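In what follows, a single structure is set out as structure tokens and then discussed.
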Amino acid sequence: MEAIRQTVKVENHKINITLPDSFNAEEVDVIILPASTKYEIPQWQIDEVRERTIEYFKNPKIALDFDEVMKEIENGL
């Protein structure tokens with residue numbers, strides 16, 4: 001999946017987005033957020049995801065089934 005992030009100016013409640021020639025999707029999802037909104041992921045969380053990803057690639061059998069985990073959560077573990 002290719003993602004493009006751009007900050008564009010709003011003029012008269014309209015925006016114009018030019019896609020690169022290499023972007024060939026026929027449909028796209030557009031999410032509009034104010035540019036002033038900053039989403040920062042804490043470093044500890046980035047590190048945790050990286051560590052879990054490394055462990056998963058070493059042993060994919062450790063992955064949990066989403067539906068089973070949801071049932072456990074609903075049943076109070």
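With the checklist (1) modelled with pLDDT of 90 or more; (2) surrounded by 10 or more Cβ atoms within 10 Å (Cβ to Cβ) in hand, flag the one item ASN59 doesn't pass.
Result: ASN59 passes all but (2).
I'm trying to understand the selection: among the residues of segment 35-68, which are in contact with a helix residue (DSSP H, G or I) (Cβ under 8 Å, 6 or more places away or on another chain) and either in a loop (DSSP other than H, G, I, E, B) or among the basic types (Lys, Arg) (or both)?
Across segment 35-68, the qualifying residue is only ALA63.
Report whether or not ILE32 is assigned to a loop (DSSP other than H, G, I, E, B), of a type in the set (A, V, I, L, M) and surrounded by fewer than 10 Cβ atoms within 10 Å (Cβ to Cβ).
yes
Table: residues versus (1) in contact with a Phe, Trp or Tyr (Cβ under 8 Å, 6 or more places away or on another chain); (2) of a type outside the set (Asp, Glu).
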site	(1), (2)
GLU2	yes, no
VAL10	no, yes
ASN16	no, yes
PRO20	no, yes
ASP29	no, no
GLU40	no, no
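The values are calculated or read from the model by the stated rules, or taken from the named source; none is laboratory data. Note that the structure is predicted; figures quoted are calculated from it, not measured. FYI the Cβ positions are ideal-geometry reconstructions off the backbone, even for glycines, and counts take in every protein chain you see.
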